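Structure record follows, encoded as structure tokens.
The values are calculated or read from the model by the stated rules, or taken from the named source; none is laboratory data. Small disclaimer: the values here were computed from a predicted structure and weren't measured. Don't worry about glycine lacking a Cβ; one is built from the backbone with ideal geometry, like all the others, and counts go over all protein chains shown.
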Amino acid sequence: MKAAALLLQPESIEQEIVDHWCSTLSNGEQRRLLPISNSSRGRQSIIARQLLQALANLTLTGSWFVDTRPDGSTELIGNGAAVAASLSHTQGAIFVALSTEGKIGVDIEHHRENDVARLVDRYFSPTNRDAFLSAPPNQQMPLFLHEWCAREALIKFQGGGTIGSLLAAPLDLPENLMHESAALTEEALHTAIISEKPSATALWKAVTSDTGGLELRHM
């Protein structure tokens, strides 16, 4: 089973709620995140973990808590086992995923205001560069993010790598891996999931509830 959840506009969540969510994390996560809980990065990290916890509570049996491994990767611990997980955040959105079928990596990016042609010229493979340059202007950013997000998700799946070296060649995944991608046009966002086959990832969208929790609804 694989599941992912999207939360829009995390910046609108009140600091009091973020502080409460931080207090519900494991002792290790609290020690790591409490000193930066008022910073943008700290808030995003806490909210992402709360979102992942809500996703685990909805889709997994038993009690689970979020943990950060020594290499910086994320996993869920519970029932004497570990479940692979991945987190990503960008301006205006947080995206998380979990998998009981092996490793998983996710990425989310918003449509950038800056010109990405320089990045394309420097890092993209000739094939992907030609596709970008020949696309209509309104399709260039989605094409760029499709390639970029897939490789960022692959880096998280692998536990390492550099985006520049991965962009230098077309994405060629082994047969046992799959790439799922979604362009959320209305929100100007693009997502990518790299995971092990065979099943597709169930997608959920989170909204904040009146009680300060997160409610997940099928996308």
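Out of SER199, SER209, which single residue is out of contact with any Lys or Arg (no Cβ under 8 Å at 6 or more places or on another chain), within 25 Å of MET1 (Cβ to Cβ) and of a type outside the set (Lys, Arg)?
SER209
Show the residue pairs that are 6+ apart or on different chains and have beta-carbon atoms under 6 Å apart, the first residue being within region 195-219 and touching a residue at least 24 places away in the same chain (Cβ under 8 Å), the second being among the hydroxyl-bearing types (Ser, Thr, Tyr) and in a strand (DSSP E or B).
Matching pairs, first to second residue: SER195/SER99.
Identify the single condition in (1) over 13 Å from the mean Cα position of the chain (by Cα); (2) closer than 22 Å to GLN9 by Cα; (3) surrounded by 21 or more Cβ atoms within 10 Å (Cβ to Cβ) that VAL106 does not satisfy, given that it satisfies every other one.
(1)
Which residue out of ARG31, ARG49 is over 19 Å from SER195 (Cα atoms) and touching a residue at least 24 places away in the same chain (Cβ under 8 Å)?
ARG49 is the lone residue from the list that is over 19 Å from SER195 (Cα atoms) and touching a residue at least 24 places away in the same chain (Cβ under 8 Å).
Do you know which residues across region 198-212 are under 19 Å from the mean Cα position of the chain (by Cα), more than 20 Å from ALA84 (Cα to Cα) and of a type in the set (S, T, N, Q)?
THR208
Of everything in region 8-33, what is of a type in the set (Val, Ile, Thr) and exposed (fewer than 15 other Cβ atoms within 10 Å of the Cβ)? Give them in sequence order.
THR24
So, restricting to helices (runs of 4 or more DSSP H) that lie completely within region 84-169, which ones have at least 3 residues that are in contact (Cβ under 8 Å) with a residue 12 or more places away in the chain and under 24 Å from ASP71 (Cα atoms)?
On the way: elements: 117-123, 126-134, 137-158, 163-167.
Answer list for region 84-169: 137-158, 163-167.
Quick one: in region 34-44, which of the residues that are free of Cβ contacts under 8 Å to residues at least 24 places away in the same chain and surrounded by 13 or more Cβ atoms within 10 Å (Cβ to Cβ) is farthest from PRO10 (Cα to Cα)?
Among those residues, the one meeting the criterion is LEU34.
Just checking, which of ILE47, ILE13, ILE94 is hydrophobic (A, V, I, L, M, F, W, C) and at pLDDT below 95?
On the way: ILE47 fails: at pLDDT below 95; ILE94 fails: at pLDDT below 95.
From the options ILE47, ILE13, ILE94, the qualifying one is ILE13.
Among the residues of region 158-182, write down those that are more than 16 Å from THR127 (Cα to Cα), of a type in the set (A, V, I, L, M, F, W, C) and either touching a His at 6+ places or on another chain (Cβ under 8 Å) or at pLDDT below 95 (or both).
The answer is ILE163, LEU173, ALA182.
Is it the case, given these coordinates, that SER125 is of a type in the set (Ser, Thr, Tyr) and closer than 21 Å to SER199 by Cα?
So SER125 does not fit the description; no.
Taking region 48-103 only, how many residues are among the charged types (D, E, K, R) and touching a Phe, Trp or Tyr at 6+ places or on another chain (Cβ under 9 Å)?
The qualifying residues number 2.
Take the residues in region 28-80 that are charged (D, E, K, R) and outside any helix (DSSP H, G or I), then tell me which one is nearest to the chain's Cα centre (by Cα). Reasoning before the result, please.
From region 28-80, those charged (D, E, K, R) are 29, 31-32, 41, 43, 49, 67, 69, 71, 75; that's our starting set.
Of the ones still in play, those that are also outside any helix (DSSP H, G or I) are 67, 69, 71, 75.
Values: ASP67: 16, ARG69: 17, ASP71: 17, GLU75: 13 Å.
Checked region 28-80; the qualifying residue nearest to the chain's Cα centre (by Cα) is GLU75.
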